[in-house]
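Enquirer: Dropping a structure here in structure tokens format, bear with me for questions.
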Amino acid sequence: MAFRLFVPILAGATLRERIIACIGATIGIALTGAISGLVLGSGPHVPLLVAPMGASAVLLFAVPASPLAQPWSIIGGNTISALVGVLVAYFVHEPILAMGIAVSLAIAAMSFTRCLHPPGGAAALTAVIGGPAVIGAGFLFPFVPVALNSIVLVALGYGFHKLSRRTYPHVTVAAPKNSHGTIDPRAQERIGFRPEDIDAALGTLEETFDIDRNDLERLLRQVELQAMVRTHRTLLCRDIMSCHVISVDEHARADQARHLLLAHNIRTLPVVDSEARLVGAVGLRELAWASDTVKSVTKAVATASASAPAMGLLPVLTDGRSHAVVIIDDNRRILGLITQTDLLAATARTQTADRLLAEAVA
């Protein structure tokens, strides 16, 4: 139990992520110091790199999705806090009192300007107790070197994350709108928790969490889905898919595809190439005004493997846009197809079986 105090609590942290963070911090801090040196020159009267940049690098490279690690948080938080520190040092001459006031006012200023950044507290403190170099810089200190350091570090972090294929700045994914243009919630959101439930829970807990509100909702919906997949893991795509799949060659004419859709009373028609590999799908919407070949109106289609949990298709088949998922092998050849009706029937059958089992046990 004692060792649990030393277990990291960051969700999703992996060894690979930490190694990337270490490499990024090495490059970011070293280049920030070097670039600042080229801009400012060298000398004991000019601090090339302020200490809070080390803490900013931890957030920028280790937790780039954190709201505290976004560009405005780093640049605005450090600069505004340093300016607050300089102002406090100018008016309050008692060091102990000045340090406390500087940090508290920095928190308030960052909160009001929506750029809360923990290293900003250190920037404010540095402005108060930074020594001759900081005192000599005066009101220039928040801008050179603090703002300069922050801008360079963010620019380097942006480039590093792009090269390592990580998303930065972090953009929260807004909940998709109802694709039918009505005010009803999406099908997935009509049961289970709602956005107002999240707000109520956050209000009840009375704590601040280092995660964006939209990210939290997206995470909880994924947890809900994973729980459903786990409880129905034995039901695989191969168990419920239709194996006799009507498809059309990509070079077939549009009227031929329309005939297949109407003759077989289906809404999604997979399109294959000359080697029978899936290239997409068409429906009556795409074919309504098409006069050329099917290839010209083919759209992307959702796919899955035969061994995937069937319940994992719920988000796709309830998004209001997709009516079917094509089951393919490793060579993109069609093995089967699962429609909304297939999944609904399987879900109903599973729920009935669970109820009958519960009644038998009781």
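The values are calculated or read from the model by the stated rules, or taken from the named source; none is laboratory data. As the structure is a computational prediction, the values presented were derived from the model and not from experiment. A quick note on method: Cβ atoms are made from the backbone with ideal geometry, for glycine too, and the neighbour counts reach across all protein chains shown. Please note that ligands, DNA and RNA were not included when accessible areas were found on the heavy atoms of the full protein model with its side chains. Shrake-Rupley method; radii C 1.70, N 1.55, O 1.52, S 1.80 Å.
Enquirer: Which value in nm describes the separation of the simple spin-label points at residue 263 and residue 111, placed 7 Å from the Cα toward the beta carbon?
Expert: The answer from the label model is 7.0 nm.
Enquirer: Turning to a different aspect of this structure: To the nearest 0.05, what FRET efficiency results for residue 300 and residue 96 with a Förster distance of 51 Å applied to their C-beta separation? Numbers along the way, then the final one.
Expert: Details: r = 64 Å, r/R0 = 1.25.
For R0 = 51 Å, the calculated efficiency reads 0.20.
Enquirer: Which order do the peptides 15-25, 203-213 come out in when sorted by mean C-beta neighbours inside 10 angstrom, highest first? Walk me through the numbers on the way to the answer.
Expert: Details: 15-25: 14.8, 203-213: 10.5.
So the order, starting with the most tightly packed, is 15-25, 203-213.
Enquirer: If you rank 342, 197 by how much accessible surface each has, with a 1.4 Å probe, what is the order from largest down? Show your work: numbers first, answer last.
Expert: On the way: 342 40, 197 75 Å².
Output order, biggest surface exposure first: 197, 342.
Enquirer: Another question, then. For a quick protection proxy, order the peptides 275-281, 152-158 by their average other-Cβ count within 10 Å, most packed first. Provide the component values of the computation, followed by the final result.
Expert: Numbers: 275-281: 16.6, 152-158: 21.4.
So the order, starting with the most tightly packed, is 152-158, 275-281.
Enquirer: Given Cβ point charges of +1 (Lys, Arg) and -1 (Asp, Glu) and nothing else, what value in debye, to the nearest 20, does the dipole of the range 212-339 about its Cα centre take?
Expert: Dipole of the range 212-339, to the nearest 20 debye: 220 debye.
Enquirer: To continue, here is another question. Can you give the accessible area of residue 199 in Å² (nearest 10), computed on protein heavy atoms with a 1.4 Å probe?
Expert: Answer for residue 199: close to 80 Å² accessible.
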